[in-house]
Amino acid sequence: MRDKTEIAAVQMEPKIMRNPENLEEITARIRVAAGSGAELIVFPECALTGYVFASRKEALPYLETVPGPSTMKLEACCRELGVYAVVGLLETKGNKYFNTAALIGPEGLIGRYRKVHLPYLGIDRFLDPGDEPFKVYQTDIGNIGIFICYDCNFPESARVMALMGADILVLPTNWPEGRERIPQYVAPTRALENRVHLVAVNRIGCERGTGFIGQSKIINSRGDTLAQAGNKAEILYGKVSLAESREKRVIFKPGEFEVDCIKDRRPEFYARITRT
């Protein structure tokens, strides 16, 4: 059984309302990352579409179905290169519109996640909240869970996927200026408290007056930052151990100081969390 997985985090500047151009850049970056040995390649939130739309109506022409034309092109690219990719886009299904991340691999479209927690920012102001539960996808490179940006501020999101056996949590983001503490403190905490690897991939640039901070990170299950970006377009790389993320018991001093973030839980006392 494999243990090591090579992850690439592609920090880029999507162009709003320019899906074909963004898709071209995404596929080009997949090729670069695959050529450098990456097996899981992650892009920012709304990488295909841009983010700061002024209304639901304005965004409609740029929403896509999943599966759809863009995911089919990404499938062909991932199949050719034998890699997995997570790409953010805006999804339409019937009269519902979602902030979505698609997981694609050599076998095609594996799954998608619709953002559950929506801040009052950008296109999220006008979208429908995710209508499906968190999932963990079993792949040849590990068990992958996906959440998007603001979801990270809700620890229950990561914990649920950890309980489902996630090895790697993928977090496409659009962190704007003023959210510097999230990559600095929150993302590493989500990894540490669940003993899972986490790759957080932000965008850069300024879109309609909203500046984005970059600071993408690959974090291991001990909360250590393996690679961190600044505020320019770049690809980060980091190798993680699946065995490490599956061992929840931490032994500081055998028989005297040991902790297990899953076994030591007391869920019978947590009911208040689930009340609306």
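The values are calculated or read from the model by the stated rules, or taken from the named source; none is laboratory data. Quick caveat, the model's predicted, so the values are computed rather than measured. Here Cβ is always computed from backbone atoms with ideal geometry, including for glycine, and neighbour counts include all displayed protein chains. With ligands, DNA and RNA removed, areas are computed over all heavy atoms of the protein, side chains included. Shrake-Rupley method; radii C 1.70, N 1.55, O 1.52, S 1.80 Å.
Assorted remarks:
- Residue pairs whose Cβ atoms lie under 9 Å apart, separated by 6 or more positions or on different chains, with the first residue in region 218-235 and within 11 Å of V196 (Cα to Cα) and open to solvent by 40 Å² or more (accessible area, probe 1.4 Å) and the second assigned to a loop (DSSP other than H, G, I, E, B) and of a type in the set (K, R), are R222/R195.
- Residues that are touching an Asp or Glu at 6+ places or on another chain (Cβ under 8 Å), among the basic types (K, R), open to solvent by less than 60 Å² (accessible area, probe 1.4 Å) and on the phi > 0 side of the Ramachandran plot occur in region 192-204; there is at least one.
- Test result for R31, in contact with a helix residue (DSSP H, G or I) (Cβ under 6 Å, 6 or more places away or on another chain), charged (D, E, K, R) and open to solvent by 60 Å² or more (accessible area, probe 1.4 Å): no
- Those residues of region 133-161 which are hydrophobic (A, V, I, L, M, F, W, C), closer than 24 Å to F98 by Cα and open to solvent by less than 20 Å² (accessible area, probe 1.4 Å), in sequence order: I144, I146, F147, I148, C149, C152, A158, M161
- Boolean, K263 is of a type in the set (K, R), at pLDDT 95 or above and open to solvent by less than 100 Å² (accessible area, probe 1.4 Å): no
- Test: residue in region 67-86 that is closer than 25 Å to N153 by Cα and either touching a Ser or Thr at 6+ places or on another chain (Cβ under 7 Å) or of a type in the set (G, A, S) (or both): yes
- Candidate set from region 205-238 (those that are part of a loop (DSSP other than H, G, I, E, B) and not small (G, A, S)); member that is farthest from the chain's Cα centre (by Cα): R208
- Strands (runs of 3 or more DSSP E) fully within region 94-204 counting 1 or more residues that are small (G, A, S): 96-105, 108-114, 142-146, 197-201
- For region 167-189, the condition of being without any contact (Cβ under 8 Å) to a residue 60 or more places away in the chain, basic (K, R), surrounded by fewer than 22 Cβ atoms within 10 Å (Cβ to Cβ) and more than 21 Å from A243 (Cα to Cα) holds for at least one residue.
- Answer residue from region 239-260, given it is within 30 Å of A34 (Cα to Cα) and open to solvent by 70 Å² or more (accessible area, probe 1.4 Å) and is farthest from the chain's Cα centre (by Cα) among those: E247
- Enumeration of residues in region 56-87 that are touching a residue at least 60 places away in the same chain (Cβ under 8 Å), within 11 Å of A102 (Cα to Cα) and either in contact with a helix residue (DSSP H, G or I) (Cβ under 9 Å, 6 or more places away or on another chain) or open to solvent by 70 Å² or more (accessible area, probe 1.4 Å) (or both): Y84, V87
- Check on E13, under 30 Å from A243 (Cα atoms), of a type in the set (D, E) and surrounded by fewer than 20 Cβ atoms within 10 Å (Cβ to Cβ): no
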